[in-house]
Amino acid sequence: MQNDKEKMNLEQKIKISNFLDDSGKITQLSQKKIFRVATLCYLADKFEANRNYTEKEVNSICEEWHTFGDYFILRRDLIDNGLLCREANGSRYWKPKIG
């Protein structure tokens, strides 16, 4: 398993342009884990560190940065891959500290 720093650098090392449109929005998620996680790292960069988000705010950011109409899967994948954290009841989301 990769550490958080390696995950966050994936989008720099792996060409994810095949999964983005001309405006930088995600057009699809790859079935291959390495490309999928790299694309999710790209999306995670849209969230500010040291800030709490509501579920509605997370949904809005995910909605803004993709074109395929399924922000639910993006939110779930961000959490499942440790790129966003959330309270068990979904009341608060935040970007984990790297390092």
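Read-outs throughout are calculated quantities, based only on the coordinates presented, and are distinct from any laboratory measurement. Being a predicted model, the structure only gives us computed values, none of them experimental. With ideal geometry, Cβ positions are generated from the backbone for all residues, glycine too; neighbour counts draw on all protein chains shown.
How much length would be gained if the chain were fully extended between GLU57 and LYS97, taking 0.36 nm per residue of separation minus their Cα-Cα distance, in nm to one decimal? Intermediate values should be presented prior to the final figure.
Working: separation 40, 0.36 × 40 = 14.40 nm, distance 1.92 nm.
Full-extension gain reported as 12.5 nm.
If packing is taken as the average count of other Cβ atoms within 10 Å, what order do 72-78, 84-90 fall into, highest mean first? Walk me through the numbers on the way to the answer.
Details: 72-78: 17.3, 84-90: 12.4.
Packing proxy ranking, top to bottom: 72-78, 84-90.
Which entries of LYS56/LYS95; LYS15/LYS95; LYS46/LYS97; LYS33/LYS56; LYS32/LYS97 have Cα-Cα distances beyond 21 Å here?
On the way: LYS56/LYS95 15 Å; LYS15/LYS95 23 Å; LYS46/LYS97 14 Å; LYS33/LYS56 27 Å; LYS32/LYS97 26 Å.
From the list (LYS56/LYS95; LYS15/LYS95; LYS46/LYS97; LYS33/LYS56; LYS32/LYS97), the Cα-Cα distance tops 21 Å for LYS15/LYS95; LYS33/LYS56; LYS32/LYS97.
Counting helices only, and only those DSSP H runs with n ≥ 4, report the 222 nm mean residue ellipticity of the chain as the sum of -39,500 (n - 2.57) divided by its residues, in deg cm²/dmol to the nearest 500. Please report the intermediate quantities before stating the final value.
On the way: 4 runs with 42 residues, N = 99.
Using -39500 (n - 2.57) per qualifying helix, the result is -12500 deg cm²/dmol.
Per residue Cα convex hull volume for region 4-94, in cubic angstrom?
Working: hull volume 8.4 nm³, N = 91.
So the per-residue hull volume is 93 Å³.
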